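The values are calculated or read from the model by the stated rules, or taken from the named source; none is laboratory data. Everything numeric in this text was worked out from a predicted model, so none of it was measured. All Cβ positions, glycine included, derive from the backbone under ideal geometry; neighbour counts span all protein chains shown. The area values use the complete protein model at the heavy-atom level, side chains included, leaving out ligands, DNA and RNA. Shrake-Rupley method; radii C 1.70, N 1.55, O 1.52, S 1.80 Å.
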Amino acid sequence: MTATVPTGDHDVVAIGCGPFNLGLAALASTVDDVDLVVLEERPELTWHRGMMFGDASMQVNFLADLVTLVAPWHPLSFLAYLHDMDRLYTFTVRENFFPSRREYEDYLRWAAARLPSVRFSHRVDQVRWDAAGQRFTVDAVRGDGTRLRMRARDLVLGIGTAPYVPDALAGLPEPVLLHTSDYLYRASDVAAAGKVTVVGSGQSGAEVVVDLLGRNVEGGPAVSWLTRTSSFAPLDYTKMNLELTTPAYMRYFHSLPEGVRDRLVKEQWQFYKGISTDTLEEIHELLYRRQLEHGLAEVELRFGIAVESAAVDEESGRAVLTCRHRDTGECFTHTTDLVVAATGYRNRTPAFLAPVDDLLLRDERGRPRVRADHSVELADGVTGRVFVANAEIHSHGVSAPNLDIGAVRNATILNAITGRETYRLPQRSAFTSFDVPRAVS
């Protein structure tokens, strides 16, 4: 058996290195009395490579980087990256403050390369609570097979979400099913299909439809787009609705009863499940263009369609979806060569947390009870803290997955860890007042 190598104590071990924990490492890098390490099982930082279309743009502006919204002077800001790459002047002349996804990923990789606290090829195997030492013990395996053990007062979980395929589609075999997160990796399968069906809408589904319509106009496969929503709805990114992404609204949302929070998350779906107006216009333009061509494969768009089950036809090898028209209740079958599941992502409970699972307090629906400072409520006697990043929509609202809240959340976590205002948090972030007015005497 390989021996475990102890590597010492840290103030914080952050697990997972997506944009959120990378931003935490960036902010912590300028705080002298915080010893923080980030462990990531992948050998390098990649970000949504399966949806990295050449012209794909971010939906948040460059100020929503790792640090700027709480530390505009920080050396790991997006502007510092542009300056280092000698693109600051041309970015300014461009007059488009929404970077491409490719440029944003390059910025993340640039920042990670400047943070020695970030350790790639480190897979966390298990986490335990050492009651005697009042520390979490973190066991990890390095890329070369070395087993490591480190201790930390606090943990931050930023492992991200996992692609979600609903039960209705989950029984389909891989040759006829892919998730949008793998779309570009499966480009040869898409090109070989005679008919591709996208199930689900949202921004990812719409971007796949843009790609498929572009292929269709050039003589490519037939395209179907089925979604259960009542329309191909746009993202509501109007300025006043964006006040739902502010720290002020997040504080208000957290103060509400659990049932009210759950209702609001359902009502606010268009904020995070809609489609950008630019993408909708691009789809319409492609649909218009194909009217000028002849002999193209069929295209159909249908909303209000629920896919209830799916199977493979043994004779043809094609996928057969059993669908229900939600307005009329009528059922029908839909046959296709390839299904693209644009069905989003879900939070996951990592296996490495199993030894401490009984220490995490949960709400009536089994979700972690998360405090305002993003720490999970733990059992009595546990003095360490477990903070979460992008696992708290149910407690903090629909802005929790948004990149533009990342710096504020990380500053909140660091303030809690240090016990002082290490970073000043915004106090006036919204024009809207969300709570009940108080009587003035």
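Values as computed for the structure displayed
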item: Residue count, the stretch 264-280 (criterion: modelled with pLDDT of 90 or more and either open to solvent by less than 80 Å² (accessible area, probe 1.4 Å) or not in a helix (DSSP H, G or I) (or both)); result: 7
item: Count of residues meeting criterion [touching a helix residue (DSSP H, G or I) at 6+ places or on another chain (Cβ under 9 Å) and surrounded by fewer than 24 Cβ atoms within 10 Å (Cβ to Cβ)] in the stretch 401-416; result: 7
item: Qualifying residue in the stretch 129-138 (condition: surrounded by fewer than 19 Cβ atoms within 10 Å (Cβ to Cβ) and in a strand (DSSP E or B)); result: yes
item: Output for the stretch 165-181, where each listed residue is modelled with pLDDT of 95 or more and in a loop (DSSP other than H, G, I, E, B); result: Val165, Pro166, Leu172, Pro173
item: Filter result for Ala71 (outside any loop (DSSP other than H, G, I, E, B), of a type in the set (Gly, Ala, Ser) and modelled with pLDDT of 95 or more); result: no
item: Residue, least open to solvent (accessible area, probe 1.4 Å), within the stretch 159-181, restricted to residues that are touching a helix residue (DSSP H, G or I) at 6+ places or on another chain (Cβ under 7 Å) and closer than 26 Å to Asp125 by Cα; result: Ser181
item: Which numbered condition Gly317 misses (of (1) more than 29 Å from the chain's Cα centre (by Cα); (2) surrounded by 13 or more Cβ atoms within 10 Å (Cβ to Cβ); (3) under 24 Å from Arg186 (Cα atoms)); result: (2)
item: Sole exception among (1) at pLDDT below 95; (2) charged (D, E, K, R); (3) closer than 30 Å to Arg428 by Cβ for Arg261, by number; result: (1)
item: Matching option when the condition is at pLDDT 95 or above, out of contact with any Phe, Trp or Tyr (no Cβ under 7 Å at 6 or more places or on another chain), open to solvent by less than 70 Å² (accessible area, probe 1.4 Å) and not in a helix (DSSP H, G or I), among Thr383, Thr335, Thr432; result: Thr335
item: Subset of the stretch 89-128 (residues that are over 21 Å from Leu403 (Cα atoms), basic (Lys, Arg) and either in contact (Cβ under 8 Å) with a residue 12 or more places away in the chain or surrounded by 15 or more Cβ atoms within 10 Å (Cβ to Cβ) (or both)); result: Arg119, Arg123, Arg128
item: Options Gln291, Gln270: the member that is out of contact with any strand residue (DSSP E or B) (no Cβ under 9 Å at 6 or more places or on another chain) and of a type outside the set (Gly, Ala, Ser); result: Gln291
